[in-house]
Amino acid sequence: MTVSYTAEVASVRGLGCFLKLLVRWKGSIYKLVWMDLLVFLTLYYSLNCLYRFFLDEYGKLMFQNIVQYCKLYIDLIPLSFVLGFYVSVVMTRWWGQYTAIPWPDNLAVFVSTTVHGQDERGRVMRRTIMRYVCLCISMTFTMISPRVKKRFPNLDYFVEAGLLQQNEKEIIEDLDKKSPTYSKQWLPIVWAASITTRARKEGRIRDDFAVKTIIDELNKIRGQCGMLLNYDHISVPLVYTQVVTLAVYSYFLTTLMGHQWIDDGSNYKFDVYMPIFTLLQFFFYMGWLKVAESLINPFGEDDDDFEVNWMVDRNLQVSYLIVDEMHHEHPQLLKDQYWDQIAPVELPYNPNITKESHPLPSTANIAKKQETVDMTPSSVKIDDFQSNDMNSGPIMFTANSNRNLSASVRSRGSQLSMGTSVPDGTMTRVNSVSSMLKRFFSREDSRTDNRPDSRLGSTQELINLTQKPKPKIAPDVIEEVDEQLTITSQRSAKESRPSVLGYFPPSDPIDMPASLSHRSNESRYDQSPISKSAPVAQEEEENDDVSIGGSETDPSGSDDEFSKLRKKRSEERLTRLKVNLARSASVCDPNMGEADILLYPTSPGTPGSSLNI
């Protein structure tokens, strides 16, 4: 089980809380490296004794040359980089394996909430679903953890522990015989999903969303079990582990010779008895390697490995408590002691505990500036320019924070000409062009027509329509001027609003003579078509029955425009008739006379049968 020391380092007092952790043995670095350190010291002192007591002068000279050579090239091994990166990868993998461990608590809450029924069948369904989930997790642990495998060597032990029934064991064994290659830890999850769908058909689960929630949680647990198996199958690449191991052991084999004491005239003889810094170096690097060896598989039997047997017991107990003991049970609903206060002002403290002060923001103790900020809204002034210089450049706005300026502007009246200031506090950001125009036209529609034809809405009237309380803004800030107000302010105060009558002046009234309802047949334009195949001319003939301004028999209207128009239309009709006759004559025999042409028989099938009169 992981050795926890969090309680001992909760508060830092004295010289440091880590110093008292150095004397612990379980889970310590001493327990991991003491055997390797003993072997290293044995080899080191053996070589030292060989040099000092057993070698002759030539052998000592050769030993010194080897020591110098090893000391010169020992730093070429990049031990710190290789070992540090490897331990970082192992630590990340170690924490990832812990987060991948599935816990059935969430699923137990969902099952207890959604699977209804206080009868025996409802209780069996809830307990069986959670038992299958715990069985799946335990079967996964037996595949990756030696501890759990020793506890459950085969399926009979699961039956004995109550995680598996005898009939369920026979089903798993039969399935193993049919497909012995792959593991069957996912089979209990399939059974749990089937029970969930059966509960939905029986009405014990009220809606499909609850079914989906349970199925999703089952799939999540199955995925986490699969992730644990993936961590077990796919380890850190072996070549990287071999490189780190060779780097560490080759470094300290070189250190056995490179850090030996030799009689080369040096003034210190400390290494004769104890190589202090060599031992510290061995302790750090070899301890680093042992940490990686211990954490690369946290499901083993090391001191810092996960206690998976405790997880097996805990999962089954908590699951049964949630879905059975606490199913649809809760304490009696009572008013809390702060019912009348809505929220407590302060919770009581133990008299033996010092009351803590509430946290403050980082800028709470900074002194506030003594200068006052002028919050008077600034005024906006439109630079002077003439109406004929509209295209000369953009409209310029200047801000003025003088308070007297806004007061003098308000006293100027309702007329605003070019070069005057906009009244202070009237044109605010909340008045957009669309809202101002909507209010303006709604007021314009309700106005009567007995007003004089002048400028119906001046700039001051538009501003009054959008009048709102003065906003509190900081000085030296240019207020936003509405586009429509700016355009309107460019007009002259005496300029009248353009109207339709200005572009289309009224004309003198025209006397409309009464039309003659009875006209003689002689007064009509008697010109019958040559052929009935000319309906256009016939229609025009029939439409001329109405006399508007006069007729040939009405001398009173002979001089008006309508009579002239009628005469002109008659001439055009005769012209078209002659043209059509000429076209008809072109298809007849050239020896025929004009009278023969007029009497020439026509039919719809002949070329001259269509006369466009």
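The values are calculated or read from the model by the stated rules, or taken from the named source; none is laboratory data. Quick caveat: nothing in here was measured; it's all calculated off a predicted structure. Neighbour counts run over all protein chains shown; Cβ positions are idealised from the backbone, glycine included. Ligands, DNA and RNA are stripped out before the accessible areas are found, and what is left, the full protein with its side chains, is counted by its heavy atoms. Shrake-Rupley method; radii C 1.70, N 1.55, O 1.52, S 1.80 Å.
Structure values in brief
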{"item": "Paramagnetic label zone (point 7 Å from Cα along Cα-to-C-beta, Phe284; backbone N under 20 Å) in segment 67-81", "result": "71-81"}
{"item": "Across Lys149/Lys212; Lys150/Lys212; Lys150/Lys290; Lys31/Lys150; Lys149/Lys178; Lys20/Lys290, pairs whose alpha-carbon gap is larger than 27 Å", "result": "Lys149/Lys212; Lys150/Lys212"}
{"item": "Dipole of segment 139-274, positive end: most advanced residue of Ala192, Gln224, Val239 [Cβ charges, Cα centre]", "result": "Ala192"}
{"item": "For segment 188-332: accessible area per residue (Å², 1.4 Å)", "result": "55 Å²"}
{"item": "For segment 47-160, with +1 on Lys and Arg beta carbons and -1 on Asp and Glu, the positive-most of Thr128, Phe141, Phe85 along the dipole", "result": "Thr128"}
{"item": "Positive dipole terminus of segment 201-318, leading residue within His259, Thr278, Val308 (C-beta point charges)", "result": "Val308"}
{"item": "Charge dipole magnitude, Cβ of K and R +1, D and E -1 - segment 1-71, Cα centre, debye nearest 20", "result": "340 debye"}
{"item": "Packing-based order for 10-19, 318-327, using average beta carbon neighbours within 10 Å, highest first", "result": "318-327, 10-19"}
{"item": "Surface share of carbon and sulfur [accessible, 1.4 angstrom probe, percent] for segment 274-330", "result": "62 percent"}
{"item": "Inter-probe distance in nm under a simple model that places probes 7 Å from Cα toward Cβ, at Arg206 and Ser183", "result": "3.9 nm"}
{"item": "Backbone HN-Hα couplings from phi across segment 212-227 [Karplus 6.51/-1.76/1.60, Hz, Gly and Pro as x]", "result": "4, 4, 5, 5, 5, 5, 4, 5, 5, 5, 4, x, 5, 5, x, 5"}
{"item": "Where only C-alpha atoms are counted, convex hull volume of segment 1-79 per residue in Å³", "result": "175 Å³"}
{"item": "Theoretical gain in end-to-end length, Asp56 to Thr197 [0.36 nm per residue, Cα-Cα removed]", "result": "42.0 nm"}
{"item": "Probe 1.4 Å - accessible area at Asp56, Å² to nearest ten", "result": "100 Å²"}
{"item": "Segment 217-315: trypsin sites (Lys or Arg not before Pro) in DSSP coil with no more than 13 other Cβ atoms inside 10 Å", "result": "Lys269"}
{"item": "Cα-based shape type of segment 152-199, given that a ≥ b ≥ c are square roots of the gyration tensor eigenvalues and the cut on a/c is 1.5", "result": "oblate"}
{"item": "Gap separating the Cα centres of segment 75-142 and segment 176-226, nearest whole Å", "result": "16 Å"}
{"item": "Cα-projected label distance for Val9 with Leu229, points at 7 Å along beta-carbon direction, nm", "result": "3.7 nm"}
{"item": "Solvent-accessible area, 1.4 Å probe, carbon plus sulfur percent, for segment 164-260", "result": "58 percent"}
{"item": "Table column - 3J(HN,Hα) (Hz), segment 346-354, Karplus curve with 6.51, -1.76, 1.60, x for Gly and Pro", "result": "7, 6, x, 10, 5, x, 7, 10, 6"}
{"item": "Residue-normalised accessible area of segment 1-131, given per residue in Å² at a 1.4 Å probe", "result": "64 Å²"}
{"item": "Phi-based couplings in Hz for segment 241-250 (Karplus 6.51, -1.76, 1.60; Gly and Pro marked x)", "result": "4, 5, 4, 5, 5, 5, 5, 5, 6, 5"}
{"item": "Rounded percent of accessible protein surface that carbon and sulfur make up, segment 50-108, 1.4 Å probe", "result": "66 percent"}
{"item": "Phe85/Asp156 FRET efficiency (R0 51 Å; Cβ-Cβ; nearest 0.05)", "result": "0.65"}
